[in-house]
Amino acid sequence: MTITMPSDDSPPPPSWCLYLALLFAMCTCASAGVVFTKLVDQMGVPPALAASWRLAWVNVIQLLPFLLTMRKVHRNDREKEMVHHWEHEGTALVVENNNNKEMVEEPKLMKKNEDPLLMPRIIRSIPWILLSGGCLGIHFSSWTYSLRETSLAHSLLWVSMGPIIINAGTWIAFLIGYTSLAPSWMETGGTLVGLTGALIMLLDISKGNNSDNTNMNGQDPSLTGDMIALLGAVAVSAYLVVGRHLRAWIPLWVYAFGVVGSAYLTSMFLAFVLGELTEGFSMIGMFQHPYLWYAIYLGAGPGIMGHTLLNYLVKYVSPLTISTAMLSEPLIGSYMGYLAGMQPIPGIYTWLGGIVLMGGL
(Lines give C-alpha, C1' and ligand atoms only; values in the text may rest on other atoms or scores of the structure.)
Protein backbone atom coordinates (compact mmCIF):
# COMPACT_ATOMS: atom_id res chain seq x y z
CA MET A 1 0.00 0.00 0.00
CA THR A 2 1.53 3.30 -1.11
CA ILE A 3 0.82 6.51 0.76
CA THR A 4 1.74 9.76 -1.00
CA MET A 5 2.38 12.73 1.19
CA PRO A 6 0.18 15.71 0.20
CA SER A 7 1.64 19.14 -0.07
CA ASP A 8 0.99 21.60 2.73
CA ASP A 9 -1.51 23.53 0.60
CA SER A 10 -3.54 20.51 -0.52
CA PRO A 11 -6.89 19.80 1.15
CA PRO A 12 -7.13 16.81 3.52
CA PRO A 13 -8.54 13.53 2.18
CA PRO A 14 -12.31 12.95 2.58
CA SER A 15 -13.41 11.89 6.05
CA TRP A 16 -14.71 8.52 4.86
CA CYS A 17 -11.32 7.77 3.31
CA LEU A 18 -9.49 8.69 6.52
CA TYR A 19 -11.68 6.46 8.69
CA LEU A 20 -11.54 3.57 6.22
CA ALA A 21 -7.74 3.82 6.31
CA LEU A 22 -7.91 3.92 10.11
CA LEU A 23 -9.95 0.69 10.18
CA PHE A 24 -7.48 -0.99 7.82
CA ALA A 25 -4.56 0.11 10.00
CA MET A 26 -6.27 -1.31 13.09
CA CYS A 27 -6.75 -4.70 11.45
CA THR A 28 -3.11 -4.97 10.41
CA CYS A 29 -1.92 -3.74 13.82
CA ALA A 30 -4.12 -6.32 15.57
CA SER A 31 -2.44 -9.17 13.69
CA ALA A 32 0.89 -8.26 15.34
CA GLY A 33 -0.27 -9.71 18.66
CA VAL A 34 -0.64 -13.16 17.14
CA VAL A 35 2.81 -13.08 15.51
CA PHE A 36 4.51 -11.69 18.62
CA THR A 37 2.85 -14.40 20.72
CA LYS A 38 4.24 -16.99 18.32
CA LEU A 39 7.76 -15.54 18.57
CA VAL A 40 7.86 -14.79 22.30
CA ASP A 41 5.61 -17.36 23.93
CA GLN A 42 6.11 -20.34 21.62
CA MET A 43 9.54 -19.82 20.00
CA GLY A 44 11.22 -18.28 23.05
CA VAL A 45 12.44 -15.04 21.47
CA PRO A 46 13.15 -12.41 24.18
CA PRO A 47 10.41 -9.70 24.14
CA ALA A 48 12.43 -6.50 23.64
CA LEU A 49 14.60 -8.21 21.04
CA ALA A 50 11.51 -9.38 19.14
CA ALA A 51 10.22 -5.79 19.18
CA SER A 52 13.55 -4.54 17.83
CA TRP A 53 13.43 -7.07 14.97
CA ARG A 54 10.09 -5.69 13.86
CA LEU A 55 11.30 -2.09 14.08
CA ALA A 56 14.50 -2.93 12.19
CA TRP A 57 12.55 -4.34 9.25
CA VAL A 58 10.25 -1.32 9.27
CA ASN A 59 13.31 0.95 9.02
CA VAL A 60 14.73 -1.14 6.15
CA ILE A 61 11.47 -0.81 4.21
CA GLN A 62 11.27 2.92 4.97
CA LEU A 63 14.82 3.68 3.86
CA LEU A 64 14.14 4.29 0.15
CA PRO A 65 11.08 6.57 0.58
CA PHE A 66 12.99 8.38 3.35
CA LEU A 67 15.94 9.10 1.06
CA LEU A 68 13.66 10.22 -1.79
CA THR A 69 11.75 12.52 0.55
CA MET A 70 14.94 14.01 1.97
CA ARG A 71 16.19 14.70 -1.55
CA LYS A 72 12.93 16.46 -2.33
CA VAL A 73 13.19 18.50 0.89
CA HIS A 74 16.76 19.50 0.02
CA ARG A 75 15.74 20.49 -3.52
CA ASN A 76 12.80 22.56 -2.29
CA ASP A 77 15.00 24.31 0.26
CA ARG A 78 17.55 25.14 -2.42
CA GLU A 79 14.79 26.64 -4.57
CA LYS A 80 13.58 28.73 -1.65
CA GLU A 81 17.11 29.95 -0.99
CA MET A 82 17.51 30.97 -4.63
CA VAL A 83 14.20 32.83 -4.61
CA HIS A 84 15.10 34.53 -1.32
CA HIS A 85 18.49 35.58 -2.73
CA TRP A 86 16.88 36.85 -5.94
CA GLU A 87 14.33 38.89 -3.99
CA HIS A 88 16.88 40.61 -1.77
CA GLU A 89 20.05 40.66 -3.84
CA GLY A 90 18.89 40.56 -7.45
CA THR A 91 18.80 43.52 -9.80
CA ALA A 92 15.45 45.10 -10.47
CA LEU A 93 14.42 45.51 -14.04
CA VAL A 94 14.93 48.87 -15.56
CA VAL A 95 12.17 50.02 -17.83
CA GLU A 96 12.72 53.06 -19.94
CA ASN A 97 9.64 55.00 -20.92
CA ASN A 98 9.86 58.39 -22.70
CA ASN A 99 13.42 58.98 -21.45
CA ASN A 100 12.25 58.42 -17.84
CA LYS A 101 13.78 55.54 -15.96
CA GLU A 102 11.47 53.68 -13.64
CA MET A 103 12.55 50.95 -11.29
CA VAL A 104 10.10 48.05 -11.39
CA GLU A 105 10.52 45.11 -9.02
CA GLU A 106 9.52 41.65 -10.06
CA PRO A 107 6.55 40.23 -8.12
CA LYS A 108 7.53 38.24 -5.06
CA LEU A 109 7.30 34.48 -5.31
CA MET A 110 7.31 33.77 -1.58
CA LYS A 111 4.53 34.60 0.79
CA LYS A 112 5.43 37.00 3.55
CA ASN A 113 4.55 34.57 6.33
CA GLU A 114 5.69 31.39 4.58
CA ASP A 115 7.45 28.82 6.71
CA PRO A 116 11.26 28.97 6.74
CA LEU A 117 13.46 26.30 5.20
CA LEU A 118 12.32 22.80 6.14
CA MET A 119 15.65 21.09 6.69
CA PRO A 120 16.77 23.35 9.58
CA ARG A 121 13.37 22.86 11.24
CA ILE A 122 13.73 19.09 10.94
CA ILE A 123 17.21 19.23 12.49
CA ARG A 124 15.96 21.38 15.38
CA SER A 125 13.15 18.83 15.96
CA ILE A 126 15.48 15.82 16.27
CA PRO A 127 15.18 15.78 20.12
CA TRP A 128 11.38 15.58 19.82
CA ILE A 129 11.65 12.87 17.16
CA LEU A 130 13.95 10.90 19.46
CA LEU A 131 11.50 11.38 22.35
CA SER A 132 8.57 10.20 20.25
CA GLY A 133 10.54 7.20 19.02
CA GLY A 134 11.73 6.38 22.53
CA CYS A 135 8.11 6.23 23.69
CA LEU A 136 7.27 3.98 20.74
CA GLY A 137 10.15 1.67 21.59
CA ILE A 138 9.02 1.42 25.22
CA HIS A 139 5.48 0.73 24.01
CA PHE A 140 6.51 -2.18 21.77
CA SER A 141 8.97 -3.66 24.26
CA SER A 142 6.59 -3.53 27.22
CA TRP A 143 3.63 -4.80 25.22
CA THR A 144 5.67 -7.68 23.78
CA TYR A 145 6.94 -8.50 27.26
CA SER A 146 3.37 -8.54 28.58
CA LEU A 147 2.49 -11.28 26.09
CA ARG A 148 4.81 -13.58 28.03
CA GLU A 149 3.17 -12.71 31.36
CA THR A 150 -0.56 -12.47 30.65
CA SER A 151 -3.18 -13.62 28.16
CA LEU A 152 -3.34 -12.15 24.66
CA ALA A 153 -6.81 -10.73 25.33
CA HIS A 154 -5.71 -8.99 28.55
CA SER A 155 -2.53 -7.69 26.94
CA LEU A 156 -4.42 -6.17 24.00
CA LEU A 157 -7.14 -4.67 26.21
CA TRP A 158 -4.73 -3.05 28.68
CA VAL A 159 -2.36 -1.73 26.02
CA SER A 160 -5.37 -0.13 24.28
CA MET A 161 -6.21 2.15 27.22
CA GLY A 162 -4.73 5.18 25.47
CA PRO A 163 -7.89 7.33 25.71
CA ILE A 164 -7.86 6.98 29.53
CA ILE A 165 -4.21 8.02 29.64
CA ILE A 166 -4.75 10.98 27.30
CA ASN A 167 -7.81 12.10 29.23
CA ALA A 168 -5.94 11.92 32.54
CA GLY A 169 -2.95 13.73 31.02
CA THR A 170 -5.18 16.47 29.67
CA TRP A 171 -6.72 16.97 33.13
CA ILE A 172 -3.25 17.22 34.67
CA ALA A 173 -2.15 19.75 32.05
CA PHE A 174 -5.32 21.77 32.70
CA LEU A 175 -4.94 21.72 36.49
CA ILE A 176 -1.32 22.89 36.40
CA GLY A 177 -2.21 25.66 33.96
CA TYR A 178 -0.37 24.26 30.94
CA THR A 179 -3.53 24.38 28.84
CA SER A 180 -6.85 26.21 29.13
CA LEU A 181 -8.83 23.35 27.58
CA ALA A 182 -10.21 20.77 29.99
CA PRO A 183 -11.70 17.44 28.85
CA SER A 184 -15.47 17.38 28.68
CA TRP A 185 -17.39 15.74 31.50
CA MET A 186 -18.69 13.17 29.02
CA GLU A 187 -15.10 12.19 28.13
CA THR A 188 -14.20 12.04 31.81
CA GLY A 189 -17.27 9.95 32.60
CA GLY A 190 -16.33 7.55 29.80
CA THR A 191 -12.85 7.30 31.27
CA LEU A 192 -14.26 6.33 34.68
CA VAL A 193 -16.45 3.69 33.05
CA GLY A 194 -13.41 2.37 31.21
CA LEU A 195 -11.45 2.14 34.46
CA THR A 196 -14.34 0.19 35.99
CA GLY A 197 -14.14 -2.28 33.11
CA ALA A 198 -10.39 -2.66 33.61
CA LEU A 199 -10.93 -3.47 37.29
CA ILE A 200 -13.56 -6.07 36.39
CA MET A 201 -11.06 -7.73 34.07
CA LEU A 202 -8.67 -8.16 36.98
CA LEU A 203 -11.12 -10.62 38.59
CA ASP A 204 -10.06 -13.18 35.97
CA ILE A 205 -6.54 -13.08 37.40
CA SER A 206 -7.49 -14.85 40.62
CA LYS A 207 -10.07 -17.03 38.88
CA GLY A 208 -7.70 -18.22 36.16
CA ASN A 209 -8.68 -19.90 32.93
CA ASN A 210 -6.94 -23.22 33.29
CA SER A 211 -10.08 -25.08 32.42
CA ASP A 212 -10.22 -23.28 29.14
CA ASN A 213 -6.59 -24.02 28.28
CA THR A 214 -7.11 -27.63 27.28
CA ASN A 215 -5.48 -28.15 23.87
CA MET A 216 -4.73 -24.44 23.82
CA ASN A 217 -1.48 -22.54 24.13
CA GLY A 218 -1.31 -19.19 25.89
CA GLN A 219 -0.80 -17.52 29.25
CA ASP A 220 -3.31 -17.06 32.04
CA PRO A 221 -4.09 -13.45 33.00
CA SER A 222 -1.71 -11.95 35.57
CA LEU A 223 -1.45 -8.60 37.36
CA THR A 224 2.21 -8.23 36.39
CA GLY A 225 1.50 -8.76 32.71
CA ASP A 226 -1.50 -6.42 32.78
CA MET A 227 0.51 -3.61 34.40
CA ILE A 228 3.34 -4.03 31.89
CA ALA A 229 0.76 -3.73 29.09
CA LEU A 230 -0.59 -0.59 30.81
CA LEU A 231 2.93 0.87 30.68
CA GLY A 232 2.79 0.29 26.94
CA ALA A 233 -0.48 2.27 26.81
CA VAL A 234 1.14 5.20 28.65
CA ALA A 235 4.10 5.16 26.27
CA VAL A 236 2.03 5.02 23.08
CA SER A 237 -0.19 7.87 24.31
CA ALA A 238 2.89 10.08 24.72
CA TYR A 239 4.07 8.97 21.27
CA LEU A 240 0.75 9.99 19.70
CA VAL A 241 0.61 13.39 21.44
CA VAL A 242 4.17 14.31 20.45
CA GLY A 243 3.62 12.97 16.94
CA ARG A 244 0.49 15.07 16.51
CA HIS A 245 2.57 18.26 16.73
CA LEU A 246 5.46 16.99 14.60
CA ARG A 247 3.30 15.50 11.84
CA ALA A 248 1.61 18.88 11.34
CA TRP A 249 4.57 19.86 9.17
CA ILE A 250 7.21 17.09 8.93
CA PRO A 251 6.85 14.91 5.79
CA LEU A 252 5.54 11.43 6.53
CA TRP A 253 8.60 9.35 5.65
CA VAL A 254 11.05 11.70 7.36
CA TYR A 255 9.08 11.53 10.60
CA ALA A 256 8.37 7.79 10.38
CA PHE A 257 11.98 6.82 9.60
CA GLY A 258 13.36 8.93 12.45
CA VAL A 259 10.79 7.76 14.98
CA VAL A 260 11.12 4.07 14.10
CA GLY A 261 14.91 4.33 14.14
CA SER A 262 14.77 5.85 17.61
CA ALA A 263 12.30 3.15 18.70
CA TYR A 264 14.64 0.45 17.39
CA LEU A 265 17.58 1.86 19.36
CA THR A 266 15.37 2.06 22.48
CA SER A 267 14.27 -1.57 22.11
CA MET A 268 17.86 -2.71 21.56
CA PHE A 269 18.97 -0.78 24.64
CA LEU A 270 16.23 -2.44 26.70
CA ALA A 271 17.20 -5.84 25.30
CA PHE A 272 20.79 -5.20 26.38
CA VAL A 273 19.79 -3.96 29.85
CA LEU A 274 17.48 -6.96 30.38
CA GLY A 275 20.25 -9.34 29.32
CA GLU A 276 18.33 -10.65 26.33
CA LEU A 277 21.34 -10.54 24.00
CA THR A 278 23.03 -13.25 26.05
CA GLU A 279 20.24 -15.80 25.73
CA GLY A 280 21.43 -17.27 22.44
CA PHE A 281 19.79 -14.57 20.35
CA SER A 282 21.40 -11.63 18.55
CA MET A 283 20.58 -8.37 16.81
CA ILE A 284 20.74 -10.10 13.42
CA GLY A 285 18.53 -12.99 14.49
CA MET A 286 15.77 -11.51 12.36
CA PHE A 287 17.66 -12.80 9.30
CA GLN A 288 17.79 -16.38 10.56
CA HIS A 289 15.52 -18.97 9.00
CA PRO A 290 13.10 -19.76 11.86
CA TYR A 291 12.30 -16.08 12.46
CA LEU A 292 12.84 -14.38 9.09
CA TRP A 293 9.32 -14.41 7.66
CA TYR A 294 7.70 -13.52 10.98
CA ALA A 295 10.00 -10.50 11.29
CA ILE A 296 9.41 -9.43 7.68
CA TYR A 297 5.64 -9.63 8.13
CA LEU A 298 5.80 -7.59 11.35
CA GLY A 299 7.75 -4.91 9.50
CA ALA A 300 5.75 -4.80 6.26
CA GLY A 301 2.28 -5.53 7.66
CA PRO A 302 1.68 -4.01 11.10
CA GLY A 303 4.77 -1.80 10.73
CA ILE A 304 4.18 -0.11 7.35
CA MET A 305 0.49 -0.75 6.66
CA GLY A 306 -0.34 -0.27 10.33
CA HIS A 307 1.75 2.22 12.26
CA THR A 308 3.19 4.15 9.30
CA LEU A 309 -0.35 4.59 8.06
CA LEU A 310 -1.27 5.87 11.55
CA ASN A 311 1.63 8.35 11.27
CA TYR A 312 0.00 9.62 8.09
CA LEU A 313 -3.46 9.81 9.66
CA VAL A 314 -2.33 11.61 12.84
CA LYS A 315 -1.84 14.75 10.73
CA TYR A 316 -5.59 14.85 10.08
CA VAL A 317 -7.13 12.83 12.94
CA SER A 318 -6.79 13.67 16.64
CA PRO A 319 -4.72 11.40 18.92
CA LEU A 320 -7.85 10.74 21.04
CA THR A 321 -9.73 9.47 17.96
CA ILE A 322 -6.85 7.23 16.95
CA SER A 323 -6.45 5.90 20.49
CA THR A 324 -10.19 5.19 20.64
CA ALA A 325 -10.02 3.38 17.30
CA MET A 326 -7.31 1.18 18.79
CA LEU A 327 -10.06 -0.34 20.95
CA SER A 328 -10.85 -2.59 17.99
CA GLU A 329 -7.44 -4.26 18.40
CA PRO A 330 -8.39 -6.43 21.41
CA LEU A 331 -11.47 -7.82 19.67
CA ILE A 332 -9.76 -8.49 16.34
CA GLY A 333 -6.50 -9.68 17.87
CA SER A 334 -8.17 -11.99 20.40
CA TYR A 335 -10.28 -13.56 17.67
CA MET A 336 -7.19 -14.04 15.48
CA GLY A 337 -5.35 -15.59 18.43
CA TYR A 338 -8.23 -17.98 19.10
CA LEU A 339 -8.38 -19.06 15.44
CA ALA A 340 -4.60 -19.61 15.44
CA GLY A 341 -4.84 -21.71 18.61
CA MET A 342 -2.70 -19.28 20.59
CA GLN A 343 -5.20 -18.42 23.28
CA PRO A 344 -8.35 -19.91 24.77
CA ILE A 345 -11.71 -18.24 24.86
CA PRO A 346 -11.32 -15.42 27.42
CA GLY A 347 -12.95 -15.83 30.84
CA ILE A 348 -16.31 -14.29 31.72
CA TYR A 349 -14.77 -11.37 33.62
CA THR A 350 -12.50 -10.56 30.68
CA TRP A 351 -15.52 -10.47 28.37
CA LEU A 352 -17.60 -8.41 30.80
CA GLY A 353 -14.80 -6.03 31.74
CA GLY A 354 -13.68 -5.67 28.12
CA ILE A 355 -17.18 -4.70 27.01
CA VAL A 356 -17.45 -2.13 29.83
CA LEU A 357 -13.95 -0.84 29.06
CA MET A 358 -14.65 -0.31 25.37
CA GLY A 359 -18.10 1.11 26.08
CA GLY A 360 -16.60 3.73 28.37
CA LEU A 361 -13.91 4.72 25.90
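The values are calculated or read from the model by the stated rules, or taken from the named source; none is laboratory data. What you see is a predicted model, and the numbers here were worked out from it, not measured in a lab. Note that each Cβ is placed from the backbone with ideal geometry, even for glycine, and that neighbours are counted across all protein chains shown. With ligands, DNA and RNA removed, areas are computed over all heavy atoms of the protein, side chains included. Shrake-Rupley method; radii C 1.70, N 1.55, O 1.52, S 1.80 Å.
Between Leu352 and Ile176, the simple label model (points 7 Å from Cα in the Cβ direction) yields a spacing of 3.8 nm. By a 1.4 Å probe calculation restricted to protein chains, Lys72 has an accessible surface near 110 Å², given to the nearest 10. Taking all protein chains as they are arranged and a probe of 1.4 Å, the heavy atoms of Arg148 leave approximately 80 Å² accessible to solvent. With each label modelled as a point 7 angstrom along the Cα→C-beta vector, the Thr224-Asp77 pair spans 4.8 nm. First measure r as the distance between the Cβ atoms of Leu339 and Ile284, then evaluate 1/(1 + (r/R0)^6) with R0 = 45 Å and state the FRET efficiency to the nearest 0.05. Taking R0 as 45 Å, the efficiency between Leu339 and Ile284 is 0.90. Taking Lys and Arg as +1 and Asp and Glu as -1, the other residues whose beta-carbon sits under 12 Å from that of Cys29 total 0.
Local charge for Val314 was computed over the other residues whose Cβ lies under 13 Å away, with Lys and Arg +1 and Asp and Glu -1, and equals +3.
Residues Cys17, Cys135, sorted by accessible area with the largest first, give Cys17, Cys135 [1.4 Å probe; ligands and nucleic acids excluded]. Grab the other residues whose beta carbon is less than 15 angstrom from that of Leu136, score K and R as +1, D and E as -1, and report the net. Local charge sum for Leu136: +3.
Largest accessible area first, the listed residues Trp16, Trp158 line up as Trp16, Trp158 when surface is computed with a 1.4 Å probe on the assembled protein chains.
What do you get for chymotrypsin sites (Phe, Trp or Tyr not before Pro) in segment 216-277 restricted to DSSP loop and a cutoff of at most 14 other Cβ within 10 Å of the site's Cβ? Here the chymotrypsin sites (Phe, Trp or Tyr not before Pro) that fit, given the DSSP loop and packing criteria, are Trp249.
Of Ser15, Ser155, Ser222, the order by accessible heavy-atom surface (1.4 Å probe, DNA, RNA and ligands excluded), from most exposed downward, is Ser15, Ser222, Ser155.
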